[in-house]
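One structure is given here, and the rest of the page talks about it.
Just so it is clear, none of the values below were taken in a lab; they were calculated from the coordinates. In this text, all values refer to a predicted model and were calculated from it rather than measured experimentally. Cβ sites come from the backbone with ideal geometry, for glycine too, and all protein chains shown count toward neighbours.
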Amino acid sequence: MRPLTDRTPKPMLPVRGKPLMQWPMEALRRKGFTNLVINTAWLGTQISDYFGHFGIANNNTLLLNTEHPPLKLHFSQEGRDFGGALETAGGIVRALPHLGEHFWVLAGDVFAPDFVFSPAAVERFIQSQHLAHLWLVPTPAHNPMGDFRLGADGLLTNATEPRLTYSTIGLYHRALFSAPYCDIPAGNPQGVKAALAPLLRMAIAENRVSGELYTGAWTDVGTPERLAELG
């Protein structure tokens, strides 16, 4: 994303008049999910300075209005504390002390303006006893191999074809981030870097990860060209 990200963290790049990451924050708020943990790395203090410690964006009426409850934000400053990002699993383990038994995970650099963070989906997930539920999208050109296969029974498999791409939006049980799947202590005090895919593949092999296809607007904002296409 350089040179756009030389002075601005990617989740703060503007999309249709607001920071990219603000779109899912507002969508979560509309459905009552108001306790958010935000992992930051590159130029991360720009994010915490902009949104503040109580979910109020400077000069932003959409987060300041009273139609929905205010956001309560906690910032996990990976860049400040460890010199860089801890990758997805490492960052989640770092955030575990601030999370419940079940929680949403999503990337701040993905644009999915129509996605609904449904409380009913959370209830179904809790009842399922699965370790994760992932929303998958048709495989885009920039990820031709895809990530996971979605079976007719709604369970993910590690089969090679045909695969869909993980949208980065998912529901998770904190048990996925403890033994036997993960050996990093909760809170990740040493700042261990760890990818999420190996943990998911272990749980998938045990038939403990479900998923569904999402066909709404979705963009992985990984290049300036993809950002420009969003208008």
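Looking at ARG208, is it without any contact (Cβ under 8 Å) to a residue 12 or more places away in the chain and among the basic types (Lys, Arg)?
Working: without any contact (Cβ under 8 Å) to a residue 12 or more places away in the chain: no; among the basic types (Lys, Arg): yes.
Considered against the rule, which asks whether it is without any contact (Cβ under 8 Å) to a residue 12 or more places away in the chain and among the basic types (Lys, Arg), ARG208 comes out as no.
Per-residue answers, yes or no, for (1) under 30 Å from LYS18 (Cβ atoms); (2) surrounded by fewer than 16 Cβ atoms within 10 Å (Cβ to Cβ); (3) of a type in the set (A, V, I, L, M, F, W, C):
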position: LEU156; (1), (2), (3): no, no, yes
position: GLU161; (1), (2), (3): no, yes, no
position: ARG174; (1), (2), (3): no, no, no
position: CYS182; (1), (2), (3): no, no, yes
position: ALA197; (1), (2), (3): no, yes, yes
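Would you mind listing the strands (runs of 3 or more DSSP E) fully within the range 127-231 where at least 3 residues are in contact with a strand residue (DSSP E or B) (Cβ under 7 Å, 6 or more places away or on another chain) and hydroxyl-bearing (Ser, Thr, Tyr)?
Values: elements: 132-137, 165-173, 209-213.
Result: 165-173.
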Quick one: what pairs do we get from the range 77-92, first residue touching a residue at least 24 places away in the same chain (Cβ under 8 Å) and within 21 Å of ALA132 (Cβ to Cβ), second among the β-branched types (Val, Ile, Thr) and not in a helix (DSSP H, G or I), C-beta under 8 Å, 6+ apart or different chains? LEU86/VAL192; THR88/VAL105; ALA89/ILE184; GLY90/ILE184; GLY90/VAL192; ILE92/VAL105
Regarding the range 101-108, can at least one residue be identified that is without any contact (Cβ under 8 Å) to a residue 60 or more places away in the chain and either surrounded by fewer than 17 Cβ atoms within 10 Å (Cβ to Cβ) or hydroxyl-bearing (Ser, Thr, Tyr) (or both)? no
Those residues of the range 137-154 which are touching a residue at least 40 places away in the same chain (Cβ under 8 Å), surrounded by 16 or more Cβ atoms within 10 Å (Cβ to Cβ) and under 25 Å from PRO180 (Cα atoms), in sequence order: ASP147, PHE148, LEU150
